Amino acid sequence: MRERGQVIRTKNATRYLLVLLLTMLLFQSYGQDNAGRIKWWQDARFGMFIHWGVYSTEGRGEWIMYQEHIPYPEYRNLAGNFQPKTYDPAKWVALAKEAGMKYVVLTTRHHDGYCLFDSKVSDFTTVKVGPGRDLVAEFATACHKAGMKMGFYYSLTDWHFPGILPQGYPRSPEIMNPMVQQAHDQVKELLSNYGKVDILWFDGMTPGDTTTWRSGELIRMARKLQPDILINDRAGTSGDFVTPENVVAANNKPWESCYAMNRTWGYAPNDLNYKPVAELIRLLTSCASQGGNFLLNVSPDANGEIPKQQAESLQEIGKWMKVHGVTVYQAGPSPIVVANLGFQCRVGDKVYLLIQRWPGSVLPFAWCGSVVKSARILTTGQPLQIEQKEDRVWLRGLPVNPPDPYMNVVELSFDGAPKASSPAYK
Ligand code: GLC
């Protein structure tokens, strides 16, 4: 009996160990253990998204192949017009830097399947059709040279793949499996041939179909090739971070809101629905103050030139960031909330009030559980007088009109860490 009991106990222990091991493996492949790897990205808060490809020759966005039902042979001809004579990714990276962005994510392949890189497993690449160059290689060199963190967007779906269009879902395994294999092969190419890749930004997976896509295997391969890589949530696994699109949506997981500057990701010179700079800064600070990232898109033309309006907006953001960037990098939620003025964030032991409704010469706020030691307008450096009665505070001496045209900031310093006077907000 005792022996049998021992055997059972040993079996149970082995089973328990196996389950533990499998759980650990699963967590590893799905990126839950990412606290160390993701720190730089969470500190960064602000990145550049770049949508660029064959579609940039037409100027009606990146979905034309599908939306306008363009057959592959006709679409392939358009790639002949994709001759980016003045393409200089160092200029993109320099502009991103100037704007205060800390990483850049390029569409290495969008849904149309056109690879901006030298893929050995596709006939539709920038080396074989169009420019005759590996544009991703040039991009990678520019990023590495400038010390800019580099991300690859990669669409898993490939509309040019035989049988994929015009059929809807579900597609047969005979059609899907070769396309999935191609995606696995291309991700391997992307993560093997271009040095360090910091972010893999998947898109375009058939929803919920992790089995067909062999998502777990794909992610494991990616992490093996690039152990520090951060992977988003669009390959069927939860990934390292989630990616709300054109909306600010805070999440318990690391998150990044991606936004177009106008209403189109790909080049669309006639879409003049541009968000004003103040709105872009509002979105950036809204993300950062809630502990999220902001990935702002640019849409270069077929030559590789970022449209003037987009470049100018980024330069304006850059000017603001030079003075106020301290409120964005490493920012997170503040325990003291001054919602009637705008947002607030906490960086270290400082609280920044991001003011959208300028109060005039006196700025009252409350629910402050710490003694305010000093306060100043970050925009001008001007110190403010402080009056505090318990948890109520009055800052005095502000100019009647706001000094910054986009977003004004007041910096608050305390004795130690800031606290709220009541648990109204965590
Ligand atoms: C969507 C669109 C795509 C764009 C992407 C950006 O999935 O299909 O065109 O690249 O979102 O988040």
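Based on alpha-carbon centroids, what's the gap between segment 379-410 and segment 237-305 in Å, whole number please?
30 Å
Along the Cα→Cβ direction, 7 angstrom out, place labels at residue 270 and residue 329. What is the inter-label distance in nm?
Between residue 270 and residue 329, the label points sit 4.3 nm apart.
For residue 144 and residue 185 in the same chain, what is the full-extension length gain: residue separation times 0.36 nm, less their Cα-Cα distance, in nm?
Full extension of this stretch gives 12.4 nm more.
What residues of segment 272-296 lie in the reach of a label at residue 81, counting those whose backbone N is under 13 Å from a point 7 Å from the Cα along Cα→Cβ?
Within reach of a label on residue 81, which here means backbone N under 13 Å from a point 7 Å along Cα→Cβ, segment 272-296 contributes nothing.
What pairs in 319/419; 91/275; 224/322; 39/97; 196/308; 97/350 have C-alpha atoms more than 27 Å from each other?
319/419; 224/322; 196/308
Can you tell me which of 376-386, 140-150, 101-111 comes out highest on packing, and rank the rest after it, using the mean Cβ neighbours within 10 Å?
Per-residue Cβ counts within 10 Å, averaged per peptide and sorted highest first, yield 101-111, 140-150, 376-386.
At what distance in nm do the modelled label points of residue 90 and residue 279 sit from each other, each positioned 7 Å from its Cα along Cα→Cβ?
Going from the residue 90 label point to the residue 279 one covers 3.6 nm.
Could you work out the longest stretch of the chain that avoids the GluC sites (Glu not before Pro) located in DSSP loops with at most 12 other Cβ atoms within 10 Å?
69-389
Sorted from fewest to most neighbouring beta carbons within 10 Å, what does the list 358, 92 look like?
Listed from fewest to most nearby Cβ atoms, that is 358, 92.
Could you work out the mean projected area of the convex hull around the alpha carbons of segment 342-414, in square nanometres to one decimal?
For segment 342-414, averaging the hull's shadow over all directions gives 4.3 nm².
Of the beta bridges DSSP finds with both residues in segment 38-327, what % are antiparallel, to the nearest 5?
Looking only at bridges with both residues in segment 38-327, the antiparallel portion is about 5 percent.
State, to one decimal in nm, how far the label point of residue 308 lies from the label point of residue 128, with both points 7 Å from Cα in the Cβ direction.
3.9 nm
Non-local amide H neighbours of residue 231 (under 5 Å, H modeled in plane, Pro and chain starts lacking H): which ones?
Those lying under 5 Å, H to H, from residue 231 are 200, 240, 241.
Between rounded, prolate and oblate, where does segment 375-426 land on the alpha carbon gyration tensor, with a ≥ b ≥ c its root eigenvalues, rounded for a/c under 1.5, else prolate if a/b exceeds b/c?
prolate
Rounded to a whole number, what is D in µm²/s for the chain from Stokes-Einstein with the Kirkwood radius over alpha-carbon pairs (20 °C, 1.002 mPa s)?
Reported coefficient: 91 µm²/s.
Please report the net charge: other residues with Cβ closer than 14 Å to the Cβ of residue 410, K and R +1, D and E -1.
+4
Using the Kyte-Doolittle scale, which helices in the chain average at least 0.0 and also have C-alpha atoms spread 27 Å or more along the helix axis, with helices defined as whole DSSP H runs?
Span-like helices, by this rule, are 2-30.
Throughout, read-outs are computed from the coordinates displayed, never taken from laboratory work. None of the values given here were measured: they were computed from a predicted structure. Ideal geometry is used to build each Cβ from the backbone, glycine not excepted, and the neighbour counts take in all protein chains shown.
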